[in-house]
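Below is one structure, written out as structure tokens; comments come after it.
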């Protein structure tokens, strides 16, 4: 983090156009914004509202030297490592959940010196996006102080000019591109989610460019009818992609529950073959289809109906 | 009904939670302990999960695997974002914080990052997640973990989550001026920390466990409190509620 980054982020954003115009594009077109060696922030958290349709397309197109950042990372970051697209992960946690054990591909890459795991506490990473979203170079916090996390991350402390208290200064994080999946958006990019918002709002407002995929594209009137559900305004979104089941096999709150059997298959493949197992997963589920809609069609209506029914049962009535 | 090790730990942990408090729990044992307390002595305990969930009321038999999913959000009166949840913690709203540990040392420091060197680890573990924030920001922190020498180590390989750092006043000197690690719950014992040195010490034993057994399972010299009690065994009603929550039918 340098003064240049902070000032440049502002100058660059000032230079963006903010027209109210149709921004609907295909995933293939949308992901062209991502260049090699850039920093891609992935919306959602763990296996919730992960922008899978966008990630699968990025993996299909192929990149190299990417940095990926995410609050809690699931196996999607392993796909970026195993495919050779990324070699650096900025996160607070990587895994799927206790029952699936440690992340095998991450271990292979980090323990082998092939990838870097830049570790922050959950709040510290959230405040990094928030500082950037606020347009300031850092935020003071009481978290991560005294820990080895603070040391290896190279953080500094700051003394409060009013109380002399010692606080951690968390540096702003400006991703080059943020990829998010939402419940609905209009063609201008006004984006709404139901349920928890994870770190999506700050991540998007921190990023240089924002790609949003949506379960459905709705009329601007429908957005206006529930304005408090709008998470991002049109001027904070660059392009919009229509992607039904765009978080599958992860969950989309209220719409479909995570497909844990799909996770089982992935973990079995990695246990059997390490990163090669993850590459076989990519061949089958990403490269085996022309686009994400075809992958979803391959999942089949019965399985998708089951995931929808499970989500329906989890809505409190 | 014979209780498993996990059930014994969960029940011991649940008894630490008082009514009308707010607990910041993770999934697994912390959430189970909190839900159990909510059905017994603490009906107005508010369970907060880092996924932005305030007032979680998970359905029996459909407990969440992650703190960021619909199962965790069921019945919550408020959903917000992740950073916001931790800012509630930083403000001081959360009375209790619950943590597990891959490694914990004599000063209650926790490692969930790596075995060996951080740059090139022998084993890369999942990482902090919210653990560092919970131990730094909640008011009273409980650690729950199985008692074995490879977990209870002299000094953790990496301080992911600072307990009392090097003991004495070092936690506060680092800037962590709020919160304290108060208890460590294991399948063998209940431990706390000496008031001055902040060194972990044995406080009570699980039923049928001896001091020697606890010492043998601890990888550092373990002081013993002046009077050692035996913890009450899990009661049938506690076990029944716990198994109902877990969806165990027999």
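When the stretch A:95-108 is filtered for residues that are closer than 26 Å to residue A:291 by Cβ and either outside the structural domain of residue A:197 (by TED's automatic domain parsing) or part of a loop (DSSP other than H, G, I, E, B) (or both), only A:96 remains. Answer with yes or no whether residue B:135 is closer than 17 Å to residue A:168 by Cβ, crowded, with 23+ Cβ neighbours inside 10 Å and within 14 Å of the chain's Cα centre (by Cα). It is true that residue B:135 is closer than 17 Å to residue A:168 by Cβ, crowded, with 23+ Cβ neighbours inside 10 Å and within 14 Å of the chain's Cα centre (by Cα). Considering each residue of the stretch B:126-137, count those that are at the interface with chain A (Cβ under 7 Å from one of its Cβ atoms) and closer than 27 Å to residue B:4 by Cβ, and give that number. Residues that pass the stated criteria total 3.
Restricting attention to the stretch A:121-178, the residues being within 30 Å of residue A:233 (Cα to Cα) and either crowded, with 19+ Cβ neighbours inside 10 Å or modelled with pLDDT under 95 (or both) number 24. Here the stretch B:138-159 is the region considered, the condition is being in contact with a helix residue (DSSP H, G or I) (Cβ under 8 Å, 6 or more places away or on another chain) and facing chain A (nearest Cβ under 10 Å), and the residue that is surrounded by the fewest Cβ atoms within 10 Å (Cβ to Cβ) is B:159.
Only residues that are surrounded by 24 or more Cβ atoms within 10 Å (Cβ to Cβ) and facing chain A (nearest Cβ under 9 Å) were counted in the stretch B:102-114, giving 4. For the stretch B:1-101, give me every one of the strands (runs of 3 or more DSSP E) that falls completely inside it and has 1 or more residues that are free of Cβ contacts under 8 Å to residues at least 60 places away in the same chain, more than 13 Å from chain A (Cβ to nearest Cβ) and touching a helix residue (DSSP H, G or I) at 6+ places or on another chain (Cβ under 7 Å). The strands (runs of 3 or more DSSP E) meeting that bar are B:46-49.
Which condition from (1) closer than 18 Å to residue A:29 by Cα; (2) under 15 Å from the mean Cα position of the chain (by Cα) is the one that residue A:244 breaks? Checking residue A:244 against (1) closer than 18 Å to residue A:29 by Cα; (2) under 15 Å from the mean Cα position of the chain (by Cα), the one that fails is (2). Residue pairs whose Cβ atoms lie under 6 Å apart, sitting 6 or more positions apart in sequence or on different chains, and linking a residue in the stretch B:171-182 that is more than 9 Å from chain A (Cβ to nearest Cβ) and on the phi > 0 side of the Ramachandran plot to a partner that is modelled with pLDDT under 95 and not in a loop (DSSP other than H, G, I, E, B), do not occur here. Among the residues making up the stretch A:84-96, a single one is touching a residue at least 60 places away in the same chain (Cβ under 8 Å) and more than 14 Å from the chain's Cα centre (by Cα): A:96.
Among the residues of the stretch A:257-270, those that are without any contact (Cβ under 8 Å) to a residue 60 or more places away in the chain and touching a strand residue (DSSP E or B) at 6+ places or on another chain (Cβ under 9 Å) comprise A:257, A:259. Within the stretch A:190-243, if we keep just the residues that are outside any loop (DSSP other than H, G, I, E, B) and without any contact (Cβ under 8 Å) to a residue 12 or more places away in the chain, the residue that is nearest to the other protein chains (Cβ to nearest Cβ) turns out to be A:228.
Just name the residue that is farthest from the other protein chains (Cβ to nearest Cβ) out of those in the stretch A:247-257 that are part of a loop (DSSP other than H, G, I, E, B) and more than 16 Å from the chain's Cα centre (by Cα). I'd like the intermediate steps shown before the answer.
To start, the set of residues in the stretch A:247-257 that are part of a loop (DSSP other than H, G, I, E, B) comprises A:247-250, A:253-255, A:257.
Then keep just the ones that are more than 16 Å from the chain's Cα centre (by Cα); that gives A:254-255, A:257.
Details: A:254: 7, A:255: 10, A:257: 6 Å.
Taking the candidates together, the pick is A:255.
The values are calculated or read from the model by the stated rules, or taken from the named source; none is laboratory data. Quick caveat, the model's predicted, so the values are computed rather than measured. In this analysis, Cβ positions are derived from the backbone assuming ideal geometry, glycine residues included, and neighbour counts consider all displayed protein chains.
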